[in-house]
1. Filter the range 56-112 down to the residues that are closer than 23 Å to PHE185 by Cα, of a type in the set (A, V, I, L, M, F, W, C) and touching a residue at least 60 places away in the same chain (Cβ under 8 Å), then identify the one that is surrounded by the fewest Cβ atoms within 10 Å (Cβ to Cβ).
2. Tally the residues that are within 17 Å of the chain's Cα centre (by Cα), over 26 Å from ASP82 (Cβ atoms) and part of a loop (DSSP other than H, G, I, E, B), restricting the search to the range 100-141.
3. Among all residue pairs at least 6 apart or on different chains, which show Cβ distances below 8 Å where the first residue, located in the range 143-167, is more than 16 Å from SER99 (Cα to Cα) and among the charged types (D, E, K, R) and the second is at pLDDT below 95 and in a helix (DSSP H, G or I)?
4. If I filter the range 147-165 for residues that are farther than 26 Å from ALA52 by Cβ and in the same structural domain as ALA52 (by TED's automatic domain parsing), do I get at least one hit?
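The values are calculated or read from the model by the stated rules, or taken from the named source; none is laboratory data. Keep in mind the model is a prediction, meaning the values are calculated, not measured. Cβ coordinates were reconstructed from backbone atoms using ideal geometry, including for glycine residues, and neighbour counts include every protein chain displayed.
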Amino acid sequence: MATCDTPLPAVPGPQQVPELRAGPPWAMEEMILAEPGLVAPILTSSEALEAAEWIRETDALLVNGGDALYLCHWMRESGLADLLPSLRDSVWVGFSAGSMVLTPRIGEDFVGWRSPSGSDETLGVVDFSIFPHLDHPALPENTMAEAERWASGLTNPAYAIDDDTAIKLVDGTVDVISQGHWKLFAPSPVTSKSG
């Protein structure tokens, strides 16, 4: 597995990666490097182009949460998004926005930073959207009712998942791994008006 000797900045700011961080996974504010050489954070700046070969040789990419649109913007700006198709043998481990960035859209509810395009579109690597942190005590607005309302505004399938749930996608097959609760929402029917 490829390793990186220098901690790299996490989204959204120039913070350095600590060697150890305490706290629940949903509240991570920066990437962590659990043990040197095992997992290393990815770059989200123009430095990613310089690290392209290292990224191609990496077995697993750990992508932290934060603002999904900002992460998407910098993945595109840095060229990292362009590397994704070449990473067929790598595992993407996303936390919150680190998973949402792979979806086609995040929905207006999750728009914090506004992209130059003004849309809520993200990378579209997968064909479903994700409503994270379902029923989390620190996020009282993340209820199943809100997830259902959010999903009704999307035209693609969407998963509402709690922090005890993961989505595994391999070769187009989705598996939900959960000790908590989750729900798959079918896409809203597209209505057309004829004159």
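1. PHE95
2. Going through the range 100-141 one residue at a time, the tally reaches 2.
3. GLU146/ASP109
4. Within the range 147-165, none of the residues are farther than 26 Å from ALA52 by Cβ and in the same structural domain as ALA52 (by TED's automatic domain parsing).
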